[in-house]
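**Student:** Starting off with a structure, shown below.
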Amino acid sequence: MAPPVVKQRMQMYNSPYHRVTDCVRAVWQNEGAGAFYRSYTTQLTMNVPFQAIHFMTYEFLQEHFNPQRRYNPSSHVLSGACAGAVAAAATTPLDVCKTLLNTQESLALNSNLTGHITGMASAFRTVYQVGGVTAYFRGVQARVIYQIPSTAIAWSVYEFFKYLITKRQEEWRAGK
């Protein structure tokens, strides 16, 4: 599996890389091994709030749509979709900074005094310098649209198997 830095650089418009190996080689030679881990702390910093917001929102919505906590596929799909959307929107600024760290986008680099974005604080400053507050939410629509079906499916599958396992356990206990 390619590190995120490779994936994102290959996805950039006018990327000079046509193969993963070319990108890996160029990053390694020009920036060293550290470039592959440049956004690691940002990734962790993004995932913890994303998951916390995601789970809290799902549980809150389940209390509203399914207070009896029964197996209810439509409530699981709706709650999961909304939870993913809220978490994605709320953590978009962190995702923007992570993407900047991975891509080292030239417009941002030109506005950065050092010419190199090395950490989350540097990425946050650079994003603000380049585009102001609104730049933190670039791509929010795409991120939300991506998360909605993903989290809806994930929660509905989780709740289905939880229901199935619980039902089998109850049947097994009753048949004992």
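**Student:** Quick one: in segment 135-163, which of the residues that are open to solvent by 30 Å² or more (accessible area, probe 1.4 Å), of a type in the set (D, E, K, R) and part of a helix (DSSP H, G or I) is farthest from Q8 (Cα to Cα)?
**Tutor:** Among residues in segment 135-163 that are open to solvent by 30 Å² or more (accessible area, probe 1.4 Å), of a type in the set (D, E, K, R) and part of a helix (DSSP H, G or I), the one farthest from Q8 (Cα to Cα) is K162.
**Student:** Also, quick follow-up: Could you list all residues from segment 16-39 that are hydroxyl-bearing (S, T, Y) and more than 22 Å from the chain's Cα centre (by Cα)?
**Tutor:** Looking only at segment 16-39, we keep the residues that are hydroxyl-bearing (S, T, Y), and these are 17, 21, 37, 39.
Those that are hydroxyl-bearing (S, T, Y) and more than 22 Å from the chain's Cα centre (by Cα): Y17, T21.
**Student:** With respect to S75, is the statement that it is of a type in the set (S, T, N, Q), farther than 19 Å from K98 by Cα and in contact with a Ser or Thr (Cβ under 9 Å, 6 or more places away or on another chain) true?
**Tutor:** Details: of a type in the set (S, T, N, Q): yes; farther than 19 Å from K98 by Cα: yes; in contact with a Ser or Thr (Cβ under 9 Å, 6 or more places away or on another chain): no.
It is false that S75 is of a type in the set (S, T, N, Q), farther than 19 Å from K98 by Cα and in contact with a Ser or Thr (Cβ under 9 Å, 6 or more places away or on another chain).
**Student:** Those residues that are over 24 Å from T92 (Cα atoms), outside any loop (DSSP other than H, G, I, E, B) and open to solvent by less than 30 Å² (accessible area, probe 1.4 Å), I need them from segment 4-34; list them, please.
**Tutor:** If the condition is that a residue be over 24 Å from T92 (Cα atoms), outside any loop (DSSP other than H, G, I, E, B) and open to solvent by less than 30 Å² (accessible area, probe 1.4 Å), then C23, A26, V27 are the ones that fit.
**Student:** Taking T42 as the residue in question, decide whether it is open to solvent by less than 50 Å² (accessible area, probe 1.4 Å) and either on the phi > 0 side of the Ramachandran plot or within 14 Å of the chain's Cα centre (by Cα) (or both).
**Tutor:** Details: open to solvent by less than 50 Å² (accessible area, probe 1.4 Å): yes; either on the phi > 0 side of the Ramachandran plot or within 14 Å of the chain's Cα centre (by Cα) (or both): yes.
Considered against the rule, which asks whether it is open to solvent by less than 50 Å² (accessible area, probe 1.4 Å) and either on the phi > 0 side of the Ramachandran plot or within 14 Å of the chain's Cα centre (by Cα) (or both), T42 comes out as yes.
**Student:** Could you please tell me which pairs satisfy a Cβ distance under 9 Å, a separation of 6+ or placement on different chains, a first residue in segment 35-51 that is in a helix (DSSP H, G or I), and a second residue that is surrounded by fewer than 13 Cβ atoms within 10 Å (Cβ to Cβ)?
**Tutor:** Between residues of segment 35-51 that are in a helix (DSSP H, G or I) and residues that are surrounded by fewer than 13 Cβ atoms within 10 Å (Cβ to Cβ), the close pairs are A35/W28; F36/W28.
**Student:** Taking the stated definitions as given, is T57 open to solvent by 20 Å² or more (accessible area, probe 1.4 Å), β-branched (V, I, T) and more than 13 Å from the chain's Cα centre (by Cα)? Please lay out each step first, then the result.
**Tutor:** Numbers: open to solvent by 20 Å² or more (accessible area, probe 1.4 Å): yes; β-branched (V, I, T): yes; more than 13 Å from the chain's Cα centre (by Cα): yes.
Yes: the conditions hold for T57.
**Student:** Show the residue pairs meeting these rules: Cβ distance below 6 Å; 6+ apart or different chains; first residue within segment 151-176 and aromatic (F, W, Y); second residue open to solvent by less than 100 Å² (accessible area, probe 1.4 Å).
**Tutor:** W155/H76; W155/G80; Y163/Y71
**Student:** Search segment 85-134 for residues being part of a loop (DSSP other than H, G, I, E, B) and surrounded by fewer than 16 Cβ atoms within 10 Å (Cβ to Cβ), and hand back the single one that is modelled with the highest pLDDT.
**Tutor:** Taking segment 85-134 as the starting set, the residues that turn out to be part of a loop (DSSP other than H, G, I, E, B) are 91, 104-105, 112-119, 132.
Cutting the leftovers down to surrounded by fewer than 16 Cβ atoms within 10 Å (Cβ to Cβ) gives us 113-116, 118-119, 132.
Numbers: L113: 51, T114: 56, G115: 64, H116: 70, T118: 75, G119: 78, G132: 92.
In this case the residue turns out to be G132.
The values are calculated or read from the model by the stated rules, or taken from the named source; none is laboratory data. Source: prediction; values computed, not measured. Cβ atoms come from the backbone with ideal geometry, glycine included; neighbour counts cover every protein chain shown. These area figures cover heavy atoms from the full protein model, side chains too; ligands, DNA and RNA do not enter into them. Shrake-Rupley method; radii C 1.70, N 1.55, O 1.52, S 1.80 Å.
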